[in-house]
Structures are given as structure tokens and as C-alpha cells.
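Accompanying notes for the structure given below.
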Amino acid sequence: MPERRVVVVGGGLVGSLAACYFARRGWAVDLYEKRPDIRLPEHSGAAEHRSINLAISERGLSALRRLDPALEARVHALAIPMHGRMIHTRDGQQSSQRYDVFGKHINSIGRGALVRLLLDEAGSHERVTLHFCHEFADADFAAGRAVFRDLARGGEHVAVDADLIVGADGAFSRVRQRMMAAGMMNYSQAYIEHGYCEFSMPATPAGGFALDPNHLHIWPRGSFMLIALPNPDRSFTCTLFMPWSDFARVATAKDIVPFFRAHFPDALRLMGEDSVRAEYAAHPRGSLMYVKCSPHTHANRAVILGDAAHAMVPFYGQGMNCGFEDVEVLDRIMLAVLLQEHGKSSGQTADLSDDQLRRALDEYSAARAVDTSAIVDLALDNYTEMRAKVVDYAYLARKHLEGA
Ligand code: FAD
């Protein structure tokens with residue numbers, strides 16, 4: 001049988017993990033990323049500005065473990081466990097709400113460090129070729145052909161033949177757009193009325209964490225909130241989520257310090273007034289949107305994974321985790337079809353015929369479109385939980401302790 005070839009579009013978190021999985025299952029993998037290689041020192045700042053760090057949970061870790069337990073261990077070595085959320089009340093009190101009585105927890109990890117690790121992992125595989133500065137432009141799914149613009153050569157077009165095209169090109173996925181044009185796909189996208197801006201909280205002068213590092217810190221203030229996640233250099237990355245109408249009121253850098261003084265005075269002391277002012281002036285405001293679509297596949301020729309299929313608001317900390325789970329679920333379903341067809345499994349999904357691949361992709365999409373639509377909704381609901389309801393829990397817990 002001739003070598004089966006998969007083209008992965010997008011060398012972000014999900015695309016690089018997908019490349020590792022396909023290579024392990026016997027596919028020849030070409031991964032195309034429009035940005036330069038962020039592992040090179042001259043491009044290390046080229047990572048698109050989303051969150052500096054993110055929470056990785058069991059959902060995502062499971063996909064890493066299934067690929068290679070050593071990979072999960074390397075991720076843990078870069079991460080800081082967060083055993084609960086720490087609620088900061090207006091009067092400066094802190095109350096810890098543990099996630100799990102048995103110690104299950106989430107982990108804070110730097111986005112850049114995780115992408116670099118996964119790109120290293122993909123690039124170390126002999127069946128994977130990484131192509132940077134290549135922007136996906138178009139595809140002819142029936143012919144199994146993808147077209148890229150080679151950005152290092154003035155946008156020269158490069159056509160590539162593939163048995164399967166995997167779109168892991170993020171929330172504004174061009175692969176998804178081409179699939180919508182080529183077949184019947186239901187699609188919806190919406191922006192929420194809130195945006196975000198990132199700040200930093202440095203290590204203390206003595207070199208320690210300014211807050212307990214093993215919590216996700218939340219300053220819930222009803223219609224808006226500040227959160228902070230720890231970094232290995234003992235700083236925290238803080239994110240202010242707020243309605244656009246409030247961002248318009250807190251219009252300039254000179255407005256932000258009085259705003260923090262009124263709502264987050266304890267955080268402001270630890271962050272420093274000059275730094276908050278400078279970062280508010282320099283950092284972009286991010287918008288927040290979600291995407292639902294169905295199916296996630298096109299015949300036996302294409303599948304979209306990660307944000308390309310189900311971008312979600314970040315309040316459940318599950319966007320990347322769900323994208324990693326996509327990769328794991330797809331792998332499981334492809335292996336199951338292989339086993340059904342052959343009676344015994346070679347473990348090489350590259351052995352699937354076109355018909356069998358189509359069956360696997362159909363099954364994947366039927367299951368995944370429903371599950372990811374549910375988690376997109378849960379992520380929306382959790383915003384109300386984080387910015388408002390956690391206060392009620394903190395209040396109830398305190399009352400309970402006072403009464404005990
Ligand atoms: P992306 O990370 O968007 O990667 C897509 C890649 O494709 C990029 O490298 C891009 O350059 C490339 N690309 C795009 N177009 C093309 C093209 N035409 N050709 C070639 N390449 C292309 N998730 C969590 O699980 N936990 C969290 O705590 C968390 N916190 C978040 C906080 C914030 C503020 C935000 C905004 C998001 C957060 N997320 C979190 C969500 C998470 O960032 C995304 O779900 C995750 O980045 C999706 O990964 P992806 O690989 O699918 O897409």
C-alpha cells in the first residue's frame with residue numbers, strides 16, 4: 001500500500017499534538033504553520049497574543065499520556081499545580097475553595113513553553129516534516145489537494161497532495177471556511193459583550209510568589225473579574241475580564257489605577273501602580289467569541305480539530321483541553337474501526353482504506369459535534385459562576401464556619 005499522507009494545517013497546541021499522533025499511527029505527516037518557528041530565538045516573541053499561560057486539566061493530560069507518559073511528565077515539570085480557587089473579597093480577605101477532596105487539580109502552564117515542547121516532540125519524529133511560514137490558502141478536497149502560500153518566498157503558491165487534511169488552524173479557521181464552501185456544514189459564531197486585558201504581578205523582592213502559587217486566584221466583582229495564574233518564574237499573569245462598555249469608561253492608562261484602587265486594592269499593591277498603568281497602555285484588549293459547527297469532517301478527506309471546530313470562551317479553562325481530547329477521541333475511533341475491519345489491530349491507522357477512514361470520520365463527527373457544543377455552553381455559563389456566584393459560595397462557607 002502506498003504511504004498514507006496527512007497534511008496538518010496549524011502548528012499551535014492542537015495541530016502539533018495531532019501531528020505526533022498521526023506519525024505514531026504510521027502516517028507521513030506534513031505540518032504547515034503560517035508563523036515562523038517560535039522556537040528560534042529571533043521569533044520567540046511571534047506567538048500570537050492570547051493568554052500567556054493556561055490551565056491544563058485531566059482532559060488534556062489524558063491525551064498527552066496516551067501518546068507517551070514521558071511527554072505528560074515533561075509537561076508536569078513545566079507546570080504549577082492549582083488545587084483550588086482563591087476568592088479575594090472586596091475587603092481583602094482570601095478564601096480557598098478546593099477543587100477536589102482527593103487532591104485532583106488543574107495546572108498552570110505557559111502557552112509558549114507548551115507549544116515549543118509539542119513542536120519539538122512532533123519535529124523529532126522521522127515521519128513528520130514541519131513547514132513554517134506557510135499559510136493555508138485553499139483546498140480541493142475531492143482531489144485531496146491543499147494549497148499554501150509560502151510567506152518566505154513572497155507568497156508563492158505550493159500545492160500539496162494528501163489523503164487527509166486536518167484543520168487545526170484556530171478559531172478563524174480557513175480550512176473550516178473551505179469545508180463550508182465545499183459541503184453542507186451548520187455553523188454559528190458569536191462574540192460576547194466582554195473583553196480582556198492581561199497584566200503581570202511580579203515575584204516579591206525576596207524572590208517569592210506574591211500570592212499562594214497553588215491556587216487560581218479570582219477577584220469576582222459581579223459584572224467583571226480579575227484572575228491570576230502562577231508562572232514558574234514566580235510571577236503571576238493577571239487577566240481583567242470586563243464588559244466592553246466598562247473598558248470604554250476606563251478609557252486610558254490614567255483611569256486604570258483609580259479603577260484598581262476601587263475594586264482590587266490588594267492586587268494593585270502587589271502589581272505596582274506604574275506597571276498596571278504601563279501595561280494597560282501597552283497591552284491589547286482581546287475579544288471573546290465562540291464557534292459551533294457540524295459536521296467536523298468532510299467525507300474521508302478533511303477534519304477540523306481544536307478551536308477550528310469549537311472555539312469557546314475561556315471561563316471553563318477547557319478550550320485547549322478539549323482540542324487535545326479531540327485528538328485522543330479521533331485516535332480511539334480510528335483504531336476501533338481498524339480493529340472491526342481487520343479483526344486484529346496493527347495499531348497503524350494509516351492502514352485504513354478510504355471507506356474505513358470515512359466511517360471513522362463520520363463516527364467521530366457525530367460524537368464530537370454534540371459533546372463540544374455542550375462544553376461551549378458550559379464555558380459560557382461558568383463566566384457567571386466565576387465573576388459572581390463564587391462570592392455567594394465564599395459567603396456561605398464563611399457563615400457555615402462562623403456557625404460551627
Ligand atoms: P490556536 O492556538 O489558535 O492555533 C492555531 C494555529 O494555526 C496557530 O499557530 C496559527 O498561527 C495557525 N494558523 C492559523 N491560520 C493558519 C493558516 N491559514 N495557515 C497555517 N497556519 C495557520 N484553554 C484551556 O484549555 N485552558 C485555559 O486555561 C485557557 N485559557 C485561555 C485564556 C484566554 C484569554 C484565551 C483567549 C483562551 C484560553 N484557552 C484556554 C483556549 C485556548 O487558548 C485555545 O483553545 C487553544 O489555543 C486552541 O488551540 P488550537 O491549536 O486549536 O488553536
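Quick look at the values:
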quantity: Sum of side-chain charges, C197 neighbourhood, beta-carbon under 9 Å (Lys, Arg +1; Asp, Glu -1); calculated: -1
quantity: Sparse-neighbourhood loop sites, trypsin sites (Lys or Arg not before Pro) in the stretch 314-369 - DSSP loop, at most 10 other Cβ within 10 angstrom; calculated: K344
quantity: Residues of type aspartates and glutamates that K254 reaches as a straight line, Cα spacing below 13 Å, ignoring anything fewer than 8 places off in the same chain; calculated: E273, D274, E279
quantity: Alpha-carbon centroid distance for the pair the stretch 224-290 / the stretch 98-131, whole angstrom; calculated: 27 Å
quantity: Distance (nanometres) between label positions extended 7 Å along Cα→Cβ at A152 and K104; calculated: 4.4 nm
quantity: Cross-link reach list, lysines versus K389, counting only Cα pairs under 21 Å and skipping chain neighbours closer than eight places; calculated: K399
quantity: Net charge contributed by nearby residues that have their C-beta within less than 12 Å of Y383 (K/R +1, D/E -1); calculated: -2
quantity: The chain, helix-only ellipticity at 222 nm - DSSP H runs n ≥ 4, -39,500 (n - 2.57), divided by all residues, nearest 500; calculated: -12500 deg cm²/dmol
quantity: Packing-based order for 349-357, 161-169, 187-195, 56-64, using average beta carbon neighbours within 10 Å, highest first; calculated: 161-169, 56-64, 349-357, 187-195
quantity: Nearby aspartates and glutamates by direct alpha-carbon distance to K344 (threshold 17 angstrom, same-chain neighbours under 8 apart not counted); calculated: D331
quantity: Percent of beta bridges antiparallel (DSSP, the chain, rounded to nearest 5); calculated: 70 percent
quantity: Size of charge dipole - the chain - debye, nearest 20, with Cβ of Lys, Arg +1 and Asp, Glu -1, no other charges; calculated: 660 debye
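Where a number appears in this text, it was derived from the coordinates with a stated rule and is not lab data. Bear in mind that the values here come from a model prediction, so they are computed numbers and not experimental data. Heads up, the Cβs are rebuilt from the backbone with ideal geometry, glycines too, and the neighbour counts pull from every protein chain shown.
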